[in-house]
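The values are calculated or read from the model by the stated rules, or taken from the named source; none is laboratory data. Computed from a predicted structure; not experimentally measured. Virtual Cβ from ideal backbone geometry, glycine too; neighbours counted across all protein chains shown.
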Amino acid sequence: MSQVNFDNLISEQSESGRALRKLKNWMQSHNDVEVIYPNDLARELRSVDPIALTTALTFLVKEGVLKRVYKVITPGGVLADRDFNDPTEIPDKIADRFENTIDTSDLDIVPVFKKVA
């Protein structure tokens with residue numbers, strides 16, 4: 001993630017500059033995180049307006065820094081390992097991290113962001 005020149009991106013997006021700076025700092029201090037769950041991110045960056053944070057994440061998707069994918073929240077409240085490019089691709093049943101089969105029909109599906117290699 002350090003290969004991204006956030007300074008150029010911040011200068012291009014003056015209205016989201018503060019959110020991008022906070023996001024840059026967060027990503028640098030969480031370099032090992034591969035999947036960014038917006039709810040967790042918003043809790044950690046409480047000083048950033050949620051709309052500005054959403055705008056910054058969307059901008060990073062458009063710039064090819066992040067990719068939006070979808071995950072299932074398991075009955076245990078954690079994100080399932082598999083991710084999907086489109087929520088319609090999610091099958092009726094998937095395996096959780098313990099290889100138990102779970103029915104996805106009544107589970108929440110959430111957008112998350114993955115770093116682009």
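Some points to look at:
- For region 15-52, the candidate set comprises residues that are among the acidic types (Asp, Glu) and over 15 Å from the mean Cα position of the chain (by Cα); within that set, the residue that is surrounded by the most Cβ atoms within 10 Å (Cβ to Cβ) is Asp49.
- Of the residues making up region 73-117, those that are farther than 19 Å from Pro38 by Cα and surrounded by 15 or more Cβ atoms within 10 Å (Cβ to Cβ) are Ile90, Ile94, Asp96, Ile102, Thr104.
- Selection count, region 49-76, where residues are over 25 Å from Leu23 (Cβ atoms) and without any contact (Cβ under 8 Å) to a residue 24 or more places away in the chain: 1
- Annotation note: of Val65, Val112, the sole residue that is at pLDDT 95 or above, closer than 20 Å to Leu41 by Cβ and of a type in the set (A, V, I, L, M) is Val112.
- When region 34-70 is filtered for residues that are touching a Pro at 6+ places or on another chain (Cβ under 8 Å) and assigned to a strand (DSSP E or B), the ones remaining, listed by number, are Arg68, Val69, Tyr70.
- The set of residues in region 68-89 that are more than 22 Å from Leu41 (Cβ to Cβ) and of a type in the set (A, V, I, L, M) is empty.
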